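Peer 1: I am attaching a structure below and will ask some questions about it afterwards.
Coordinate-derived values only; no laboratory data. In this text, all values refer to a predicted model and were calculated from it rather than measured experimentally. Glycine gets a Cβ as well: all are built from the backbone with ideal geometry, and neighbour counts include every protein chain shown.
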Amino acid sequence: MSDNNQLLFYAITDLLDLLPLGRNSIYRLVSRDDFPKIRIGKKFIIPAKRFEEWLEANIGTEITMDSAIK
């Protein structure tokens, strides 16, 4: 994808296409305190660059859903 077409933000539905996870797991992931997101009303947007950085920083670690926001 060229720089001109690079997405700045992802929606939850985009993460469903990007990650091999189900809808419930995606929502639990997004609920984590350390996951990069912006909440606008009831919706979340995920900054693409911060999401990629978060993925890179978590390579080789086990991500648990236990630290999700309650």
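Peer 1: Being more than 21 Å from Glu62 (Cβ to Cβ) and either touching a His at 6+ places or on another chain (Cβ under 6 Å) or basic (Lys, Arg) (or both) is the filter here; which residues of region 24-46 pass it?
Peer 2: Arg39, Lys42, Lys43
Peer 1: In addition: If you go through region 13-36 one residue at a time, do you hit one that is touching a Pro at 6+ places or on another chain (Cβ under 8 Å) and either polar (S, T, N, Q) or on the phi < 0 side of the Ramachandran plot (or both)? Before you say what the answer is, go through the steps one by one.
Peer 2: As a first pass, look at region 13-36 and keep what is touching a Pro at 6+ places or on another chain (Cβ under 8 Å): 36.
The next check asks that each one be either polar (S, T, N, Q) or on the phi < 0 side of the Ramachandran plot (or both); those that pass are 36.
Yes, because at least one residue in region 13-36 is touching a Pro at 6+ places or on another chain (Cβ under 8 Å) and either polar (S, T, N, Q) or on the phi < 0 side of the Ramachandran plot (or both).
Peer 1: Go through region 24-46 and give me each residue that's part of a strand (DSSP E or B) and in contact with a Lys or Arg (Cβ under 8 Å, 6 or more places away or on another chain).
Peer 2: Phe44, Ile45, Ile46
Peer 1: Let me ask something else. Mind checking which residues of region 1-23 are touching a strand residue (DSSP E or B) at 6+ places or on another chain (Cβ under 8 Å), in contact (Cβ under 8 Å) with a residue 12 or more places away in the chain and either assigned to a helix (DSSP H, G or I) or hydrophobic (A, V, I, L, M, F, W, C) (or both)?
Peer 2: Leu8, Phe9, Ala11, Ile12, Asp14, Leu15
Peer 1: Can you name every residue in region 24-39 that is surrounded by 12 or more Cβ atoms within 10 Å (Cβ to Cβ) and in contact (Cβ under 8 Å) with a residue 24 or more places away in the chain?
Peer 2: Correct list: Ser25, Arg28, Leu29, Ser31, Arg32.
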